[in-house]
Amino acid sequence: MKKLWDFIDPQRKGPLFWHYGWKGILFIVLGTYLMYRWIIGPHSSAFSGVLYLFTIGIHEAGHPIFRILFMGNFFMTIIGGTVMELGVPVVAFCSFLHRKHEIQADVCIWLLAIACYSVGHYAGCSLDPVISLLNAGPETLPDWDYMHKWFGTEGYEWYVRHGFYLLSAFLTALGTYLFFAHFWAWNNPDGHNYNEDRDEHDSFFMRF
């Protein structure tokens with residue numbers, strides 16, 4: 001395991017190695033709750049729509065890529081969209097951490113949060129009266145109509161959807177905290193606190 005972290009996160013600045021402190025934990029918990037409430041509410045924005053189209057583009061690219069890689073296997077072709085949608089931000093995150101670009105890695109956490117929202121939306125598509133599909137004909141079924149049967153989650157669509165929504169909210173809060181924490185560390189290499197606490201117990205961004 002140590003060799004794995006030496007490769008992925010040589011400076012130990014990723015999410016598992018940051019000293020959050022009680023303020024950081026409180027921020028992430030509250031941020032997760034508020035973001036989750038926003039996700040399940042009636043709110044929307046044009047900017048979120050642009051980001052949503054970005055992750056859907058990756059999803060749609062995953063189907064033909066996996067069909068080619070796995071010689072037309074139907075199972076892999078169907079799940080390829082979701083695997084690609086979630087996998088691209090994860091691979092990019094690991095790549096940036098490996099190259100010691102932690103702020104860029106934090107942005108990838110946000111992209112993963114967007115992907116989790118998108119997956120959750122389509123995982124619960126049977127709960128919606130109307131669902132729009134890209135590149136779909138009149139007989140096309142949503143990916144998750146197959147995947148729920150394959151993974152034994154049929155009948156639990158609500159729980160799968162909201163599980164991904166909750167994960168999206170958590171990743172949004174975590175990515176936000178880490179982004180500003182890493183920016184603070186980068187901008188304050190001596191580690192001083194803005195409130196000039198000597199014991200650092202009251203600082204918002206803790207040292208490693």
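The values are calculated or read from the model by the stated rules, or taken from the named source; none is laboratory data. Owing to the predicted nature of the structure, the values given are computational and were not obtained by experimental measurement. Note that we place each Cβ from the backbone using ideal geometry, even for glycine, and neighbour counts take in every protein chain shown.
Here are the numbers for this structure:
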| quantity | calculated |
| --- | --- |
| Matching residues in the range 30-55 - criterion: being in contact with a Phe, Trp or Tyr (Cβ under 9 Å, 6 or more places away or on another chain), surrounded by fewer than 18 Cβ atoms within 10 Å (Cβ to Cβ) and modelled with pLDDT of 85 or more | ILE40 |
| Residue in the range 81-96 that is in contact (Cβ under 8 Å) with a residue 40 or more places away in the chain and more than 19 Å from CYS125 (Cα to Cα) present | yes |
| Residue match in the range 74-88 (condition: under 22 Å from TRP18 (Cβ atoms), touching a Phe, Trp or Tyr at 6+ places or on another chain (Cβ under 8 Å) and surrounded by fewer than 21 Cβ atoms within 10 Å (Cβ to Cβ)) | no |
| 1 or more residues among the polar types (S, T, N, Q) and under 18 Å from ALA181 (Cα atoms): qualifying helices (runs of 4 or more DSSP H) within the range 1-101 | 21-40 |
| Close pairs from the range 121-149: first within 21 Å of LEU53 (Cβ to Cβ), partner of a type in the set (Gly, Ala, Ser) and modelled with pLDDT of 85 or more, Cβ under 6 Å, at least 6 apart | ASP143/GLY81; TRP144/ALA123 |
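Conditions (1) within 30 Å of HIS19 (Cα to Cα); (2) modelled with pLDDT of 65 or more; (3) in contact with a helix residue (DSSP H, G or I) (Cβ under 8 Å, 6 or more places away or on another chain), marked per residue:
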position: ASN135; (1), (2), (3): no, no, yes
position: MET147; (1), (2), (3): no, yes, yes
position: GLY152; (1), (2), (3): no, yes, no
position: LEU166; (1), (2), (3): yes, yes, yes
position: ALA173; (1), (2), (3): yes, yes, yes
position: TYR177; (1), (2), (3): yes, yes, yes
position: HIS192; (1), (2), (3): yes, no, no
position: GLU196; (1), (2), (3): yes, no, no
